[in-house]
Amino acid sequence: MKVFKFGGASVQDVDHIKHVAKIIEQCKEEKLLIVISAMGKTTNALEKVAEDFFNGRQEHALRLFSDIKKQHLTIAKYLLVLEFNDCIARLSDLFTEVEWLLHDKPVREYNYYYDQIVSVGELLSTSIVSSYLKEVKIDNNWIDVRDILRTDNHFREAIVDWEFTTNAAETLLLPLFEKTNLILTQGFIGSTTDCESTTLGREGSDFSAAIFANIFNAENLTIWKDVEGVLNADPRIFPEAIYLEHLNYAEVIEMAYYGAQVIHPKTIKPLQNKKIPLLVKCFLDTGLPGTRIDGERAIALPPVIILKNNQALISLRTLDFSFIEDEPIRKLYNIFNTLKIKPNLIQTGAIGLQISVDDIPAKIDAFGQKASLYFDVQIEKGLNLLTLRHYNEESLQKHLASKEKVLMQENEVTVQAVYR
Ligand SMILES: Nc1ncnc2c1ncn2[C@@H]1O[C@H](COP(=O)(O)OP(=O)(O)O)[C@@H](O)[C@H]1O
Ligand SMILES: N[C@@H](CC(=O)OP(=O)(O)O)C(=O)O
């Protein structure tokens, strides 16, 4: 069995969905589990609906949601004839669920509402793709992943309950493969024991696909992208980026951890644990070999460049001049854990330390308040964090020499610099 994952970019409009169907058609003799994300930028649009709803702008939230409805209905109209009515019935049920919620007043925390609203994106996209596959006579079974993928109730960053999910996948999904070769389901979303929708963190569909690949010991997982494969940098920022034919799991997990947006950081572990190869293939040209990621040693790599903008540099100094040892570090990590802040770079000194983190204003404000009980806190915003792996003199010169650096760290393989 194989697992395919199509991201939002691959199902963004009518033509792209037709193209997805062509790719699936070529593989329809094999058992395939297909994981799909919300169309194009739907998740961003749904985030705005959630924000408006929670902040009391109900009318505006409903208007924005109505635009999302229209986009999906238009795509369904262009794609479907015979399957149109069934599909519209399913979409309408999903729309109604969200609209009911939007007519209420928020009484729970923001992250709960975020997940109830944002999760509909994947349910809508998979409903349309499933109907279109049926329309072109590709038999498939649409599954609501919330019946299978169980999580805790950490809304927006839910943690997967592997035991429940494995059991549900084996008992509910596997038997379906006796009737059809294709099962189609949603990435990114899951549900709690109380049947509340959850999400796994932005861009989490890659992780969903890896979870199923792990559970079913898949032959491989293919993530279809709008690029040739994995490149040594984001081609939108570095147009001279080079295509990489092969990478090992360790390299990709490092790249993703440092912020390369090509694969979700949690994707690799479930694959590495079962030695399942990950193929990143070009959606637009299926003849291209793509990038293979596995446990084999990688050949020498060119410098890999990862740029993260919008960094806040937090400088802390103990109030009583005590050393940065057990107690202050423990306090600091407690605050990080409570606020779910992930430090991107830390440098310690005798009585102070500097930390570069993603600038999410609500989190930074809360951090400042909590940390100022123990530390003198200074925060500088609007910075960039550049990571260079497998660096050489030329890449250091090219990417960092002219930058106004405020913090820099270096080891044999990696250089990281925060600059203005
Ligand atoms: N190292 C990299 N290699 C390839 N693509 C990258 C890399 N870093 C960032 N990207 C960007 O990731 C984009 C694909 O990701 P995304 O738009 O999230 O796709 P999807 O919606 O399919 O998940 C590419 O178009 C490319 O610009
Ligand atoms: N739709 C979700 C999940 C996801 O993984 O999307 P994509 O595969 O398009 O990155 C998001 O945008 O975060």
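Before moving on, here are some points about what is shown:
- If you filter region 130-147 down to residues that are β-branched (Val, Ile, Thr) and surrounded by fewer than 24 Cβ atoms within 10 Å (Cβ to Cβ), you find that the one that is nearest to ligand 2 (Cβ to nearest atom) is Ile143.
- Qualifying residue in region 154-177 (condition: in a strand (DSSP E or B) and more than 27 Å from Ile17 (Cα to Cα)): yes
- Residue in region 46-53 that is free of Cβ contacts under 8 Å to residues at least 60 places away in the same chain and touching a strand residue (DSSP E or B) at 6+ places or on another chain (Cβ under 9 Å) present: no
- A Cβ distance below 7 Å, combined with a sequence gap of six or more or placement on separate chains, defines the contacts here; from region 175-187, residues that are more than 16 Å from ligand 2 (Cβ to nearest atom) reach residues that are assigned to a helix (DSSP H, G or I) and not aromatic (Phe, Trp, Tyr) in the pairs Leu182/Ile24; Ile183/Leu173; Ile183/Leu176.
- Of all residues in region 1-27 being of a type in the set (Val, Ile, Thr), within 16 Å of ligand 1 (Cβ to nearest atom) and assigned to a helix (DSSP H, G or I), the one that is nearest to Ile183 (Cα to Cα): Ile24
- Each residue in region 339-353 was checked for being assigned to a strand (DSSP E or B) and touching a residue at least 24 places away in the same chain (Cβ under 8 Å), and 5 pass.
- Candidates Val98, Val20, Val107, filtered to the one that is of a type outside the set (Lys, Arg) and surrounded by fewer than 17 Cβ atoms within 10 Å (Cβ to Cβ): Val107
- Hey, Lys269 away from ligand 2 (no atom under 16 Å from the Cβ) and on the phi < 0 side of the Ramachandran plot or not: yes
- Every pair of residues 6+ apart whose Cβ atoms lie under 8 Å, when the first sits in region 383-412 and is β-branched (Val, Ile, Thr) while the second is in a helix (DSSP H, G or I): Thr387/Tyr258
- Residues in region 302-338 that are in a loop (DSSP other than H, G, I, E, B) and surrounded by 17 or more Cβ atoms within 10 Å (Cβ to Cβ) were compared, and the one that is modelled with the highest pLDDT is Pro303.
- Residue identified as within 16 Å of ligand 2 (Cβ to nearest atom) and modelled with pLDDT of 95 or more among Asp234, Asp194, Asp226: Asp234
- Flag for Ile355 being more than 21 Å from Ile237 (Cα to Cα), among the aliphatic types (A, V, I, L, M), at pLDDT 95 or above and buried (at least 19 other Cβ atoms within 10 Å of the Cβ): yes
- Condition met for Leu64 (free of Cβ contacts under 8 Å to residues at least 60 places away in the same chain, more than 16 Å from ligand 2 (Cβ to nearest atom), surrounded by 17 or more Cβ atoms within 10 Å (Cβ to Cβ) and within 24 Å of Cys195 (Cβ to Cβ)): no
The values are calculated or read from the model by the stated rules, or taken from the named source; none is laboratory data. Source: prediction; values computed, not measured. So basically every Cβ, Gly included, is an ideal-geometry build from the backbone, and we count neighbours across all protein chains shown.
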